[in-house]
1. Return yes when P101 is open to solvent by less than 50 Å² (accessible area, probe 1.4 Å), in contact (Cβ under 8 Å) with a residue 12 or more places away in the chain and in contact with a helix residue (DSSP H, G or I) (Cβ under 6 Å, 6 or more places away or on another chain) and no when it is not.
2. Quick one: which residue in S89, S58 is of a type outside the set (D, E, K, R), without any contact (Cβ under 8 Å) to a residue 24 or more places away in the chain and open to solvent by 30 Å² or more (accessible area, probe 1.4 Å)?
3. Any residue at all in the range 17-25 that is open to solvent by 20 Å² or more (accessible area, probe 1.4 Å), within 16 Å of the ligand (Cβ to nearest atom) and in a helix (DSSP H, G or I)?
4. Any idea which residue in the range 189-207 is farthest from E148 (Cα to Cα), counting only those that are within 12 Å of the ligand (Cβ to nearest atom) and in a helix (DSSP H, G or I)?
5. Any idea which of (1) closer than 25 Å to Y80 by Cα; (2) more than 10 Å from the ligand (Cβ to nearest atom); (3) out of contact with any helix residue (DSSP H, G or I) (no Cβ under 8 Å at 6 or more places or on another chain) is the one R176 doesn't satisfy?
6. Taking the conditions exactly as written (within 12 Å of the ligand (Cβ to nearest atom) and open to solvent by 10 Å² or more (accessible area, probe 1.4 Å)), does H134 satisfy them or not?
7. Tell me, please, whether a residue that is within 16 Å of the ligand (Cβ to nearest atom), touching a residue at least 60 places away in the same chain (Cβ under 8 Å) and either within 18 Å of the chain's Cα centre (by Cα) or not in a strand (DSSP E or B) (or both) can be found in the range 40-47.
8. Just for the range 150-180: of the residues that are among the hydroxyl-bearing types (S, T, Y) and over 17 Å from N64 (Cβ atoms), which one is least open to solvent (accessible area, probe 1.4 Å)?
Amino acid sequence: MHIFTGTAQEWDHKAALEIVQQIKDKPDTVLGLATGSTPVNMYRRLIEMHRAGQVSFSKVKTFNLDEYVGIPREHPCSYYYFMQENLFSDIDIPPESVSLPDGNAPDLEEECRRYEKKIADSGGIDLQVLGIGHNGHIGFNEPNTPFESVTGIVDLTQSTIKANSRFFESEDQVPRQAVSMGIKTIMHARKIILLAKGADKADIIQKALQGPITPEVPASVLQLHPNLLVFLDNEAAARL
Ligand code: F6R
């Protein structure tokens, strides 16, 4: 495990450079992507680097970690919409090269199998970007999800519903379920970048990186990953 700390701006830049280097080394890289507040400025840096001619996403494929069940793609809180707004519409990635789970599929179980197979058929994820929930979730794999889980339908915990209600008009409107890559799916990525910012993540970062490896803290499984880079701002690193 390599841990980089610094100001939030420093790590936005460093993490974006890591992705750019990955794409330079392998132009047809398969990227796993996260939504949420944490990666937004890093995505901005990627857009700037793309505009400056430093990186092309024309051969890249992406798979997002997760999507809510039951809200339309066009809804401003859908992860599809988030990715268009925060990255895809400002880079040269072909629309057919981006994948998110379809949270409106008529048969969600079948959709989970399809998504898992599509990732495998692409050759697997080269570089996975992750944020971390206050309860240690990665993707939407909430505490006590088995480490062997693959893409599936998950029930969001009350704490996640509350945390994510900041993006919705009210807590009632937050979907109760999502489709998420599983922990095993995530761990199969050849390289993982875990990102965290802010004092409110300091406790869970300490537990995840230095505590016991247990499904009670899903992100603790990352300690077992052979190629993990962690980018923390000084506040999130405060308890290490
Ligand atoms: C997002 C995702 C989540 C977030 C986590 C942190 O696709 O899978 O695990 O990474 O909830 O969210 P933020 O960055 O908003 O604190």
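The values are calculated or read from the model by the stated rules, or taken from the named source; none is laboratory data. Predicted model only: the values in this text are computed from it and were never measured. Glycine gets a Cβ as well: all are built from the backbone with ideal geometry, and neighbour counts include every protein chain shown. Accessible surface areas use protein heavy atoms only, side chains included; no ligands, DNA or RNA. Shrake-Rupley method; radii C 1.70, N 1.55, O 1.52, S 1.80 Å.
1. Details: open to solvent by less than 50 Å² (accessible area, probe 1.4 Å): yes; in contact (Cβ under 8 Å) with a residue 12 or more places away in the chain: yes; in contact with a helix residue (DSSP H, G or I) (Cβ under 6 Å, 6 or more places away or on another chain): yes.
Yes.
2. Values: S58 fails: without any contact (Cβ under 8 Å) to a residue 24 or more places away in the chain.
It is S89.
3. First pass over the range 17-25, keeping only residues open to solvent by 20 Å² or more (accessible area, probe 1.4 Å): 17-18, 21-22, 24-25.
Subset that is within 16 Å of the ligand (Cβ to nearest atom): none.
Within the range 17-25 (the criterion being open to solvent by 20 Å² or more (accessible area, probe 1.4 Å), within 16 Å of the ligand (Cβ to nearest atom) and in a helix (DSSP H, G or I)), the answer is no, since none of the residues qualifies.
4. Residues of the range 189-207 that are within 12 Å of the ligand (Cβ to nearest atom), as a first pass: 193-198, 200-201, 204-205.
Okay, now just the ones that are also in a helix (DSSP H, G or I), so 200-201, 204-205.
Numbers: D200: 28, K201: 25, I204: 22, I205: 22 Å.
Across the range 189-207, the extreme among qualifying residues is D200.
5. (3)
6. Values: within 12 Å of the ligand (Cβ to nearest atom): yes; open to solvent by 10 Å² or more (accessible area, probe 1.4 Å): yes.
In short, yes.
7. The answer is yes, given that some residue of the range 40-47 is within 16 Å of the ligand (Cβ to nearest atom), touching a residue at least 60 places away in the same chain (Cβ under 8 Å) and either within 18 Å of the chain's Cα centre (by Cα) or not in a strand (DSSP E or B) (or both).
8. First, the residues of the range 150-180 that are among the hydroxyl-bearing types (S, T, Y): 151, 157, 159-160, 165, 170, 180.
Imposing the further condition that a residue be over 17 Å from N64 (Cβ atoms) reduces the set to 157, 159, 165, 170.
Numbers: T157: 44, S159: 67, S165: 26, S170: 43 Å².
Among those residues, the one meeting the criterion is S165.
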